[in-house]
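What follows is one structure encoded as structure tokens, with my remarks underneath.
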Amino acid sequence: GGAGGQLRGATRRDALRRPPTIAGMQDRSPLYRPDVDGLRALAVGAVIANHYAEGLAPSGFLGVDVFFVISGFVIARSLLAQPDGPLGARLAAFYTRRVKRLLPALLACVGLTALAFAALAPAGQPAPLATGAAALLGASNLLLWWRAQDYFSLYARLDPFTHTWSLGVEEQFYVLFP
């Protein structure tokens, strides 16, 4: 505790009245909904289970649809909660947050996947780096569509960047409807 029986500006009694928190959650936005995070985890788990063993979750790919709906809900709620101000400034703040949150992980994922593919792919197999580059631009879904690749085709199964199609769809959606 601090001087005068206070804990960071709150009395000990106030600290005891607060509901218990999970580490790190006290810094979350008041808009944060743990139930929505739980649904998101279930959606991602269903997709992973489907990819691991299709029989384990035969309709697990529907988790992508659920994830899209959840993302739309979370982002719409976030935008609606922003203070009134010029639309341009609000959109700039929105896109800045998205880039800061997604780009570092995407760069690492595409870079490490490209390195792993180069090291582990059979000799003579063409590297699908165009799909990875398109993913960095939020357009891998368009490239895969242009190539007329079925998501379940052998070509798609051999392209380690095929899974980035959903990020492309999401990013394009937020360009049209932030």
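Using the Cα coordinates of the range 101-178, the gyration tensor eigenvalues translate into equivalent-ellipsoid semi-axes of 22, 16, 8 Å, sorted from longest to shortest. Ordered from largest to smallest accessible area (heavy atoms of protein chains, 1.4 Å probe), the residues VAL169, VAL175 come out as VAL175, VAL169. Mind running the shape call on the range 43-178? Use the C-alpha gyration tensor, a ≥ b ≥ c as the square roots of the eigenvalues: rounded below 1.5 for a/c, prolate if a/b tops b/c, oblate otherwise. Here the range 43-178 falls in the prolate category.
Could you tell me whether the range 133-174 comes out rounded, prolate or oblate from its Cα gyration tensor? Rule is a ≥ b ≥ c as square roots of the eigenvalues, rounded for a/c under 1.5, then prolate if a/b exceeds b/c, otherwise oblate.
Numbers: a/c = 2.09, a/b = 1.84, b/c = 1.13.
Here the range 133-174 falls in the prolate category.
Solvent exposure of ARG101, expressed as accessible area, is near 140 Å², computed with a probe of 1.4 Å over the protein chains only.
Classify the range 58-111 as rounded, prolate or oblate from the Cα gyration tensor: take a ≥ b ≥ c as the square roots of its eigenvalues, call it rounded if a/c is under 1.5, otherwise prolate when a/b beats b/c and oblate if not. Intermediate results must be reported in sequence, preceding the final value.
Numbers: a/c = 4.43, a/b = 1.39, b/c = 3.18.
The shape class here is oblate.
Neighbours of ALA130, meaning other residues whose beta-carbon lies under 14 angstrom from its beta-carbon, give a summed charge of 0 when Lys and Arg score +1 and Asp and Glu score -1.
Residues ASP84, ASP150, ordered by accessible area of protein heavy atoms at a 1.4 angstrom probe radius and largest first, appear as ASP84, ASP150.
The values are calculated or read from the model by the stated rules, or taken from the named source; none is laboratory data. Owing to the predicted nature of the structure, the values given are computational and were not obtained by experimental measurement. No Cβ is skipped: glycine too gets one built from the backbone with ideal geometry, and neighbour counts run over all protein chains shown. Note: areas computed on protein heavy atoms with side chains; ligands, DNA, RNA excluded. Shrake-Rupley method; radii C 1.70, N 1.55, O 1.52, S 1.80 Å.
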